[in-house]
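*Asks:* Before I ask anything, let me first share the structure, which is written out below as structure tokens.
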Amino acid sequence: IDDTSLFKYVSEMGNCSDDMLNLDSLRKSLVREEDTIIFSLIERAKYPVNSPLYDERPGFSGSLFEFFVKESEAVQAKAGRYLSVKENAFFPDNLPPSLLPPCGSQQVLNPRGASININEKILNMYYKNLLPLITSDGDDGNYAITADRDLDFLQALSRRIHLGKFVAEIKFRESPQDYTRAILAQDKDSLMKLLTFESVEEMIKKRVEKKAMVFGQDVDLNENDNVGNYKVNPSVVSRLYGEWVIPLTKFVEVEYLLCRLD
Ligand SMILES: C=C(O[C@@H]1C=C(C(=O)O)C=C[C@H]1O)C(=O)O
């Protein structure tokens, strides 16, 4: 197979509607995900760290948190959540099948790339880096509701980060020649350079900080009473994006591109 037919093959593979594969409209979805992420972060931060939730417990084959997530994901799998290529389970092994049939939507992604799931990485980052940053010390015993808030937040993070697959697909289709060269060489550094837009990243970090100020302020009827009182520290939200959300999205983009020609 020569280069020209390879480009033709890969550009035609998985045709789909224009707005699914348009960088501007996909970036609008990423902006909307920011709201979900910040609101769910505020909700989780309402509770202290509640660390016994994450400790191994006899009778649970793991922690109470793992039990909560696995059971919740089993219900959601039956209701068809994971039929969507945008949704990835945290514990994908042994999930029950969906009780609903697949909706027959078009596969726009490379099938191997579509199955990338970095939730284990996201979960490790959550335990190690995020929880200590966003929660206060302490244990108020509200484990089930805390686990529920954790899961909402984690699902929002995971959805945003895995949208990197679609971003990568669009970028590939926009410049197949440049990407194909780097993919054939399996050159991660070049792929990272090609897909990075620093000005977009800077704008995002500023915007999420501003959103955290707006969403996290106390609202009452006296003007200017609550300036500077935020439910989560806005600079933590900017850090969340700069150190984890954006790098992990780009990690997914690179992983997707590496197998785009398989
Ligand atoms: C997601 C994109 O790719 C990269 C990752 C970004 C992000 O995670 O927000 C932003 C810009 C790019 O460096 C994009 O181009 O929109």
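*Asks:* Relative to the Cα centre, what is the charge dipole magnitude of the chain, using +1 at the beta carbon of each Lys and Arg, -1 at the beta carbon of each Asp and Glu, and rounding to the nearest 20 debye? The partial results should precede the final answer.
*Replies:* Details: 32 positive and 41 negative charges, 80 e Å.
Its charge dipole is roughly 380 debye.
*Asks:* Treat every Asp and Glu Cβ in the range 70-216 as -1 and every Lys and Arg Cβ as +1, leave all other atoms uncharged, and give the resulting dipole magnitude about the Cα centre to the nearest 20 debye. Each step should come with its number before you reach the end.
*Replies:* Details: 21 positive and 20 negative charges, 113 e Å.
Using only the charged Cβ atoms, the result is roughly 540 debye.
*Asks:* Rounded to the nearest 0.05, what FRET efficiency is calculated for L133 and K193 with R0 set to 30 Å and r the Cβ-Cβ distance? Working shown, then result.
*Replies:* Working: r = 29 Å, r/R0 = 0.97.
For L133 and K193, the calculated efficiency is 0.55.
*Asks:* Which of the listed residues, Y230, A212, F91, is farthest toward the dipole's positive end in the chain, when Lys, Arg count +1 and Asp, Glu count -1 at the beta-carbon?
*Replies:* Of Y230, A212, F91, it is F91.
*Asks:* How large is the helix-only mean residue ellipticity at 222 nm for the chain, computed as the sum of -39500 (n - 2.57) over DSSP H runs with n ≥ 4, divided by its residue count, in deg cm²/dmol to the nearest 500? Walk me through the numbers before you get to the answer.
*Replies:* Working: 13 runs with 148 residues, N = 262.
After summing the helix terms and dividing by residue count, I get -17500 deg cm²/dmol.
*Asks:* Strictly over 24 Å apart at the Cα level, which of K46/K78; K206/K231; K128/K188; K165/K231 would you flag in this model?
*Replies:* The pairs that break the limit, which is 24 Å between Cα atoms, are K46/K78; K128/K188; K165/K231.
*Asks:* Another question about this same structure. What's the carbon and sulfur percent of the range 62-208's accessible surface, probe 1.4 angstrom, rounded to a whole number? It would help to have the intermediate numbers written out before the result.
*Replies:* Numbers: 3930 of 7460 Å².
The computed percentage sits at 53.
*Asks:* Moving on. Arranged from highest to lowest average of other beta-carbon atoms within 10 Å per residue, in what order do the peptides 247-254, 132-139 appear? Please report the intermediate quantities before stating the final value.
*Replies:* Numbers: 247-254: 20.1, 132-139: 13.0.
My ranking of the peptides, most packed first, is 247-254, 132-139.
*Asks:* State, to one decimal in nm, how far the label point of R27 lies from the label point of V214, with both points 7 Å from Cα in the Cβ direction.
*Replies:* According to this spin-label approximation, the distance is 1.8 nm.
*Asks:* For the chain, what does the relative contact order come out to in percent, with C-alpha contacts under 8 Å and a separation of six or more?
*Replies:* Values: 287 pairs, mean separation 72.0, N = 262.
About 27 percent, as a whole number.
*Asks:* Could you report the range 81-199's accessible area per residue, 1.4 Å probe, as an integer in Å²? Please list the in-between numbers first.
*Replies:* Numbers: 6110 Å² over 119 residues.
With all protein chains present, the range 81-199 gives 51 Å² per residue.
The values are calculated or read from the model by the stated rules, or taken from the named source; none is laboratory data. No experiment lies behind these values; they were computed from the predicted model shown. Cβ coordinates were reconstructed from backbone atoms using ideal geometry, including for glycine residues, and neighbour counts include every protein chain displayed. Side chains are part of the model used for accessible areas, which takes the heavy atoms of the whole protein and leaves out ligands, DNA and RNA. Shrake-Rupley method; radii C 1.70, N 1.55, O 1.52, S 1.80 Å.
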